[in-house]
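Chemist: Below you'll find the structure I mean.
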Amino acid sequence: VPSFVVWFTGLPASGKKQLADAVFKKLQGERLKVERLDSHDIRPLFPTLGFTPEEVDRHIRRAGHLAAVLEKNGIIVIASFVSPYRESRDFARSLAKNFVEVYMRTTPEACEARDEHGHYREARAGRLANFPGVNSPYEEPLQPQIIIDVEHTTSEEAARQVSRYLKKK
């Protein structure tokens, strides 16, 4: 089984983490060597990094390096990061041998409606700076391998869509 990096990207609260978790569990259930990387797990490794555009770029580049090292060691990597900048994602892609970009396409308004932590409300009130989709840009992928239309796709359908793509590869 070839190793690869599956990189889930999209606005905060777009469903990246949930879908990545579902795909990870499915691959684990198939007894494949798979590792799960999520921003919440990786950030503590670099505690001095904040959320300025430069720091976010550095964080995503480091995550890309980690994903590529795991992939080179025969591990399938399921990564979920907002990764708002195309250049950072392209850098991560350049390090991996097999990179699959999964774009969770949705609107900031739809994400805000799903936001259980109130981050969108905080950002709109000016209490949270550099928040993608509110007061900082999110650059949509130009040519992702998979696009999940979040508003019109159930989580089960989305997981099947990603699994089918990976099986073809």
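Chemist: Work out the charge dipole of segment 47-169 with +1 on the Cβ of Lys and Arg and -1 on the Cβ of Asp and Glu about the Cα centre, then indicate which of N98, A63, P47 is farthest towards its positive end.
Modeler: Working it through, the farthest residue towards the positive pole turns out to be N98.
Chemist: Angle check, please: helix 16-29 long axis (alpha carbons) against the longest principal axis of the chain (alpha carbons), in degrees 0 to 90, nearest 10.
Modeler: Taking the Cα atoms of the chain, the angle to 16-29 is about 20 degrees.
Chemist: When the helix-only estimate is applied to the chain (DSSP H runs of n ≥ 4, each -39,500 (n - 2.57), divided by the residue count), what is the mean residue ellipticity at 222 nm, nearest 500 deg cm²/dmol?
Modeler: So the calculated ellipticity at 222 nm is -13500 deg cm²/dmol.
Chemist: For segment 13-158, with all protein chains present and a 1.4 Å probe, just round the carbon and sulfur fraction of the accessible area to a whole percent. Spell out each step's value before the answer.
Modeler: On the way: 4100 of 7890 Å².
Within segment 13-158, the accessible surface is 52 percent carbon and sulfur.
Chemist: Under a 10 Å cutoff between Cα atoms, tell me which one of S136, S88, S80 has the largest fluctuation in the Gaussian network model of the chain.
Modeler: Its mean-square fluctuation being the largest, the pick is S136.
Chemist: Turning to a different aspect of this structure: If amide hydrogens are placed 1.01 Å from N in the peptide plane, which non-local residues have theirs closer than 5 Å to the one on E101?
Modeler: W7, Q145, I146
Chemist: Moving on. Within the set of other residues whose C-beta is less than 14 Å from the C-beta of S39, count the net charge using Lys and Arg as +1 and Asp and Glu as -1.
Modeler: Cβ neighbours under 14 Å give a net charge of +3.
Chemist: Top mean-square fluctuation among T106, T48, T154, Gaussian network model of the chain, C-alpha springs under 10 Å?
Modeler: T48
Chemist: OK, next. Once you wrap a convex hull around the alpha carbon atoms of segment 1-87, what is its projected area averaged over all directions, in nm²?
Modeler: Result: a mean projected hull area of 5.7 nm².
Chemist: Mind checking segment 81-131 for GluC sites (Glu not before Pro) that DSSP puts in a loop (not H, G, I, E or B) and that have at most 10 other Cβ atoms within 10 Å?
Modeler: Sparse-neighbourhood loop GluC sites (Glu not before Pro): E116.
Chemist: Can you classify segment 90-169 as rounded, prolate or oblate using the Cα gyration tensor, where a ≥ b ≥ c are the square roots of its eigenvalues, rounded means a/c under 1.5, and otherwise it's prolate if a/b beats b/c and oblate if not?
Modeler: The shape class here is oblate.
Chemist: Here's a follow-up. To the nearest 20 Debye, how big is the dipole of segment 44-169 about its Cα centre, given +1 on the beta carbon of each Lys and Arg and -1 on that of each Asp and Glu?
Modeler: 620
The values are calculated or read from the model by the stated rules, or taken from the named source; none is laboratory data. Everything quoted here is computed from the prediction, not taken from an experiment. For neighbour counting, all protein chains shown are included, and Cβ atoms are generated from backbone atoms with ideal geometry for every residue, glycine included. What goes into the accessible areas is simple: the full protein's heavy atoms, side chains included, and nothing from ligands, DNA or RNA. Shrake-Rupley method; radii C 1.70, N 1.55, O 1.52, S 1.80 Å.
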